[in-house]
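The values are calculated or read from the model by the stated rules, or taken from the named source; none is laboratory data. This structure is a prediction, so every number in the text was calculated from the model and none was measured. All Cβ positions, even for glycine, are placed from backbone atoms using ideal geometry, and neighbour counts span all protein chains on display.
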Amino acid sequence: DDLQSQYDLERMKSFRNVEDWDKREFPWSKEISKILKETFKFEKFRSKQLAAINATLDKKDVLLLMPTGGGKSLVYQLPAVVNKGMTLVVSPLISLIEDQLLALKRFGIKSDSINSATTKERRKEIHNWMTSRQHGLKLLYVTPEWLGKSKQFMSYLQKCFSANNLDRIAIDEVHCCSTWGHDFRKEYQFLGLLKPMFPGIPFIGLTATATMSILIDTQKMLGMDDCTVITAPFNRPNLYYKVIQKPSASEQSLKILEKLLKNNYKNQSGIIYTTTIKETEELTKYLRDADLQVMNYHAQLEPDRKKKTHEKWLSNKYQAVIATIAFGMGIDKPDVRFVIHYSMPKSMEGFYQESGRAGRDGKKSDCILMFALTDYLRILGMASSKVEENNARAVLNYSLDNRQCRRSLIASHFEEVWDQSNCNKMCDFCRKNTSLVYYDITPACKTIHEIISAANQGECKLTLLKLVNSWFRLSCKEFSLPPFAKPDISRIDAEKIISYLLLLNFLKIDKGYNLYNIIFYLQKNQVPTGKIEICLPASVDLKGFSRRDINKVKDLEEEIEPPFKKSKIS
Ligand code: ADP
Ligand code: MG
Ligand code: ZN
């Protein structure tokens, strides 16, 4: 199995020879430049758009990896105008489809959509359009649900194909096919049946996800064995990456947010992401009470209210939208100056995509992640598979690592597709050049293990709060504390140490349930065999812990293993 995936990886790499598609002269080259300017009113192609368009017009199957906002839609919309028949576009959300149809209307390109909301008469009309070129339908959008459940539609698609009217099938957000991905959708599995149904029809899959295992899986799922993989650069040089430690008291973290909006981002536009609907409400109330123009957004709001909020934000009547990840696909505001993750995202892919909504106009914009261990525990609680747990761990790793550029941390996650150019001081690590120290936290690990053992003997499990309280020797009635000295550090530093012990596998999470909630307990995991050293900014003072100053440049170069590497598929 390992050999097979090694082989697949090599094969994928050999498809990366995209220079040919970028350079060669094709019979359609003049025409597509003209359409770009006259129909779409764009000056020039963006990086890799041309290559992908050439490959798909040459009837190759294409997998296009391009970051959010990179311009993936044009890559199937423009060929649809060049070709004589129609292009079928599979897109996951009706709202996304509607946005696209609106844009296409402005360009004067005949396009439509069939979905469960389409009336019978309209459906009939569109079915009719599908069966002949004469009607001039260029793009037809459907959701994967619709394809999977409407036999009638499939039979018209067959007719469309037999009438030589089907030019191409485009699948947007194609990573949803892969069960490895962070947003797998079971409706996408049906798409695996399409390839053999339409021999000779070029497929193009588009995604902003760039993890190799997901890509290989997607490619297999769709049966696109010989596809050309085209990758646009993922590094966004104008985005400034920063992590802020979130105080444990919520008033304090709200205050930080308020200050950011009032001072740092005054008169600027942004998005604040948080995890739950309730949180979007709480944050919005707090910030509005502080005289800030903000509004919340989540999946359960009325379509009207969503639309209004979106519009007011677009026209800068709202400074920020406080949103769950429902505020995402299809958001295309060029001057978003900040994206703040008020609570931790579920995966690095999610983080990259959400923060990628900043700075589409190419100007400097900030991507801030506010980290708290409790948020991590909550994400873990929602995780329903090993894959999701690993996704969350990768974000924990990003949040805790003080030893390297944020860009290289993101790059190591996205493996080869990330173009490792210079950060140019566009992250908190590179800018501050903070001096760092190592702290030996082995004794803390030992104490914490002893506390947990004592608790377990007393048939008691410890939440984060209880563990920290016990470590600080605050009242503990359920079990008797073993002897140890109370640490002379702040609660936040205590939580930080526990975060590292989790990241390094010396602690693990044990899930429990009460009537209403999932509860997380901390349990012992590996027993340390050597010294556990963690790297912190020199300004952090852990009293009573042994500290070793380091020569930043030298020691970091010598560093061999990062504390956590994303697990590869095996
Ligand atoms: P993606 O699907 O990759 O997130 P979109 O296709 O939605 O990106 O495009 C993002 C934005 O970029 C849109 O506003 C689109 O009009 C614009 N765009 C696409 N291609 C070009 C181009 N060649 N020149 C200028 N703007 C472009
Ligand atoms: Mg898109
Ligand atoms: Zn950097």
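From the list PHE184, PHE203, PHE190, pick out the single residue that is without any contact (Cβ under 8 Å) to a residue 12 or more places away in the chain and among the aromatic types (Phe, Trp, Tyr). The conditions single out PHE184. Taking segment 17-69 as the range and being under 14 Å from THR231 (Cβ atoms), outside any helix (DSSP H, G or I) and either of a type in the set (Asp, Glu) or without any contact (Cβ under 8 Å) to a residue 60 or more places away in the chain (or both) as the test, only ASN17 passes. Among the residues of segment 435-487, the ones that are of a type in the set (Gly, Ala, Ser), outside any helix (DSSP H, G or I) and free of Cβ contacts under 8 Å to residues at least 24 places away in the same chain come to 2 in all. All of THR131, THR68 fail the test of being of a type outside the set (Lys, Arg) and within 16 Å of ligand 2 (Cβ to nearest atom), apart from THR68.
Taking the numbered list (1) touching a residue at least 24 places away in the same chain (Cβ under 8 Å); (2) away from ligand 1 (no atom under 16 Å from the Cβ); (3) assigned to a helix (DSSP H, G or I); (4) touching an Asp or Glu at 6+ places or on another chain (Cβ under 8 Å) in turn, LEU96 passes all entries but (2). Mind counting the residues in segment 105-160 that are farther than 15 Å from PHE190 by Cβ and either among the aromatic types (Phe, Trp, Tyr) or touching a residue at least 40 places away in the same chain (Cβ under 8 Å) (or both)? The qualifying residues number 13. Of everything listed in (1) basic (Lys, Arg); (2) more than 19 Å from ASP99 (Cβ to Cβ); (3) within 15 Å of ligand 2 (Cβ to nearest atom), the single unmet condition for LYS84 is (3).
One residue stands out among those in segment 385-434 that are assigned to a loop (DSSP other than H, G, I, E, B) and basic (Lys, Arg): the one that is modelled with the lowest pLDDT, which is ARG403.
Just one of the listed residues (LYS149, LYS195) is over 24 Å from GLN49 (Cα atoms) and more than 16 Å from ligand 3 (Cβ to nearest atom), and it is LYS149. In segment 236-247, the residue that is modelled with the highest pLDDT out of those that are over 15 Å from HIS341 (Cα atoms) and surrounded by fewer than 18 Cβ atoms within 10 Å (Cβ to Cβ) is ASN238. Criterion first (away from ligand 1 (no atom under 16 Å from the Cβ), over 30 Å from ALA494 (Cβ atoms), surrounded by fewer than 23 Cβ atoms within 10 Å (Cβ to Cβ) and of a type in the set (A, V, I, L, M, F, W, C)) does CYS423 satisfy it? Yes: the conditions hold for CYS423.
With a requirement of 2 or more residues that are away from ligand 2 (no atom under 16 Å from the Cβ) and among the β-branched types (Val, Ile, Thr), the helices (runs of 4 or more DSSP H) lying completely within segment 186-265 that satisfy it span 212-222.
Total residues in segment 99-134 satisfying the condition of being part of a helix (DSSP H, G or I) and away from ligand 1 (no atom under 16 Å from the Cβ): the figure is 13. The residues listed here are ILE109, ILE94, ILE126; of these, the one that is at pLDDT 95 or above and either out of contact with any helix residue (DSSP H, G or I) (no Cβ under 9 Å at 6 or more places or on another chain) or buried (at least 19 other Cβ atoms within 10 Å of the Cβ) (or both) is ILE109.
For (1) closer than 23 Å to LEU93 by Cβ; (2) crowded, with 22+ Cβ neighbours inside 10 Å; (3) more than 14 Å from the chain's Cα centre (by Cα), each residue gets a yes or a no:
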| site | (1), (2), (3) |
| --- | --- |
| ASP335 | no, no, yes |
| SER355 | yes, yes, no |
| SER365 | no, yes, yes |
| LEU369 | no, yes, no |
| TYR376 | no, yes, yes |
| LYS386 | no, no, yes |
| ASP401 | no, no, yes |
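Of the residues in segment 510-533, at least one is part of a loop (DSSP other than H, G, I, E, B), among the hydrophobic types (A, V, I, L, M, F, W, C), at negative phi and free of Cβ contacts under 8 Å to residues at least 24 places away in the same chain. In segment 305-316, the residues that are touching a residue at least 24 places away in the same chain (Cβ under 8 Å) form Cβ pairs under 9 Å with partners that are loosely packed, with under 14 Cβ neighbours inside 10 Å, at six or more places apart or across chains, as follows: ASN316/ASN267.
When segment 279-326 is filtered for residues that are of a type in the set (S, T, N, Q), buried (at least 17 other Cβ atoms within 10 Å of the Cβ) and part of a loop (DSSP other than H, G, I, E, B), the ones remaining, listed by number, are GLN319, THR324. For segment 54-89, taking the residues that are of a type in the set (A, V, I, L, M) and over 28 Å from the mean Cα position of the chain (by Cα), the one that is farthest from ligand 1 (Cβ to nearest atom) is identified as MET86.
The residue of segment 357-384 that is farthest from GLU495 (Cα to Cα), among those that are assigned to a loop (DSSP other than H, G, I, E, B) and at pLDDT 90 or above, is LYS363. The single residue among THR274, THR211, THR218 that is of a type outside the set (Asp, Glu) and either within 16 Å of ligand 1 (Cβ to nearest atom) or touching a Leu at 6+ places or on another chain (Cβ under 7 Å) (or both) turns out to be THR274. Of all residue pairs spaced 6 or more apart or on separate chains, none has beta-carbon atoms under 7 Å together with a first member in segment 206-230 that is free of Cβ contacts under 8 Å to residues at least 40 places away in the same chain and a second member that is β-branched (Val, Ile, Thr) and within 16 Å of ligand 3 (Cβ to nearest atom). Would segment 77-88 turn up any residue that is at pLDDT 95 or above, part of a helix (DSSP H, G or I) and hydroxyl-bearing (Ser, Thr, Tyr)? No: segment 77-88 contains no residue that is at pLDDT 95 or above, part of a helix (DSSP H, G or I) and hydroxyl-bearing (Ser, Thr, Tyr).
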